[in-house]
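Everything below concerns the one structure shown next.
The values are calculated or read from the model by the stated rules, or taken from the named source; none is laboratory data. Since this is a predicted model, take the numbers as computed values, not measurements. Using ideal geometry, Cβ is built from the backbone for each residue, glycine included, and neighbour counts are taken over all protein chains shown. Note: areas computed on protein heavy atoms with side chains; ligands, DNA, RNA excluded. Shrake-Rupley method; radii C 1.70, N 1.55, O 1.52, S 1.80 Å.
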Amino acid sequence: MFLSNHTLNVLSIAWMAIALVIFPLLLKVRAPYGRHTRTTWGPMISNQLGWFVMEIPSFLIILFFYIKSNNITSFYFNIVFWLWLFHYIHRAMIFPFMTRTKGKKIPVVIVLMGMFFNFVNAFLNGAYMAYYFDGHSITLVMFVRLSVGLLLFVLGMYINIRSDYMLINLRKTGETGYKVPHGWLFEYISCPNYFGEMLEWLGFAVLAWNLPALSFFVWTVANLLPRALSNHRWYYEKFPDYPSERKAVIPFIL
Ligand code: NDP
């Protein structure tokens, strides 16, 4: 690997610092896709194609590092890589085409920004895991990390996917508008899909226990916390009878 362990760690710290700068900006500016989409952000492409193009680098780059690594026989290593690959098989190749967003568009600039994020994020994580992750002998501490991280990841992924499909199914085929979601975690928070996503990457950071994985969790929170607050406000503005006891993204807290 042409970058040392130390260099990847320094790059990950810099990458987290950028997330901390982006976070307050996202509290002010809503990324213009989905319900917040605007036509003033330049050329637009199909929403479903946009999501595919934006997310697929994360799958391909990690697959590349998985194949290149010498660690491929390690059980722990395989768990870490396959969780990532499984997540992005769904996010890039299944989720976009399950959405009921035919005819909807996403600005090209958002797709390019998403691709850039996915390139850097997958590169840092893939390179680190492929060349500097030692998963051959599992100590007691590693076993605890593996158990806690796996539990958080699987729980988060379940919450994320179940909530995404509850939202998607609010529309009948051909509909494009928005409705108030009800049931399950939606009784407590407006964005359980984001809550699940944050839990997922927290679990991944515990599992992988390195700075690139931590930087992915920090970025996920920096992206999704402001988005959840915007979505929550948007529901109150759009639906006067929106349940007042609901929080935005963390049950009973925020
Ligand atoms: P949203 O909750 O905005 O939308 C999810 C899907 O449900 C979209 O197809 C949306 O349609 C539809 N939908 C949402 N709310 C309603 C409603 N009230 N009525 C009818 N349909 C609705 O999620 P995002 O699009 O922001 O994100 C999609 C996935 O990507 C999530 O799982 C999220 O966690 C993940 N993500 C992860 C990030 C990260 O940094 N790790 C960053 C961004 C997203 P429409 O598109 O028309 O609004």
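For (1) in contact (Cβ under 8 Å) with a residue 40 or more places away in the chain; (2) open to solvent by 30 Å² or more (accessible area, probe 1.4 Å), each residue gets a yes or a no:
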{"site": "104", "(1), (2)": "yes, yes"}
{"site": "122", "(1), (2)": "yes, no"}
{"site": "140", "(1), (2)": "no, yes"}
{"site": "145", "(1), (2)": "yes, yes"}
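Scan 201, 209, 234, 219 and give me the residue that is among the aromatic types (Phe, Trp, Tyr) and buried (at least 22 other Cβ atoms within 10 Å of the Cβ).
Checking each option against the conditions leaves just 201.
For the stretch 166-185, what are the residues that are of a type in the set (Ser, Thr, Tyr), exposed (fewer than 14 other Cβ atoms within 10 Å of the Cβ) and within 9 Å of the ligand (Cβ to nearest atom)?
Quick first cut of the stretch 166-185, residues of a type in the set (Ser, Thr, Tyr) only: 173, 176, 178.
This time we only want the ones that are exposed (fewer than 14 other Cβ atoms within 10 Å of the Cβ), so: 173, 176.
Matches in the stretch 166-185: 176 only.
So which of 124, 170 is at pLDDT 95 or above, in a loop (DSSP other than H, G, I, E, B) and touching a Pro at 6+ places or on another chain (Cβ under 8 Å)?
170
Residue by residue through the stretch 39-59, note down the ones that are crowded, with 17+ Cβ neighbours inside 10 Å and among the hydroxyl-bearing types (Ser, Thr, Tyr).
58
Quick check on my filter: what residues within the stretch 186-242 are over 13 Å from the mean Cα position of the chain (by Cα), among the hydroxyl-bearing types (Ser, Thr, Tyr) and either part of a helix (DSSP H, G or I) or within 11 Å of the ligand (Cβ to nearest atom) (or both)?
Listed by number, the residues that qualify are 190, 230, 235, 236, 242.
Could you list all residues from the stretch 124-138 that are open to solvent by 10 Å² or more (accessible area, probe 1.4 Å) and closer than 18 Å to residue 65 by Cβ? Let's see the steps before the verdict.
Initial filter on the stretch 124-138 (open to solvent by 10 Å² or more (accessible area, probe 1.4 Å)): 128, 131-134, 136-138.
Residues satisfying the conditions are 128, 131, 132, 133, 134, 136.
Report yes if residue 74 is closer than 17 Å to residue 208 by Cβ, buried (at least 17 other Cβ atoms within 10 Å of the Cβ) and at pLDDT below 95, otherwise no. Before you say what the answer is, go through the steps one by one.
Details: closer than 17 Å to residue 208 by Cβ: yes; buried (at least 17 other Cβ atoms within 10 Å of the Cβ): yes; at pLDDT below 95: yes.
Yes.
Cβ contacts < 9 Å: first residue in contact (Cβ under 8 Å) with a residue 12 or more places away in the chain, restricted to the stretch 71-91; second residue part of a helix (DSSP H, G or I) and of a type in the set (Asp, Glu), any location; separation 6+ or different chain. Result?
What qualifies is 83/200; 87/200; 88/55; 91/55.
Residues that are under 23 Å from residue 217 (Cβ atoms), of a type outside the set (Gly, Ala, Ser), within 16 Å of the ligand (Cβ to nearest atom) and modelled with pLDDT of 95 or more: does the stretch 127-147 have at least one?
No, because not a single residue in the stretch 127-147 is under 23 Å from residue 217 (Cβ atoms), of a type outside the set (Gly, Ala, Ser), within 16 Å of the ligand (Cβ to nearest atom) and modelled with pLDDT of 95 or more.
Of the residues 106, 67, which single one is under 26 Å from residue 242 (Cβ atoms) and of a type in the set (A, V, I, L, M, F, W, C)?
When all the criteria are applied, what remains is 106.
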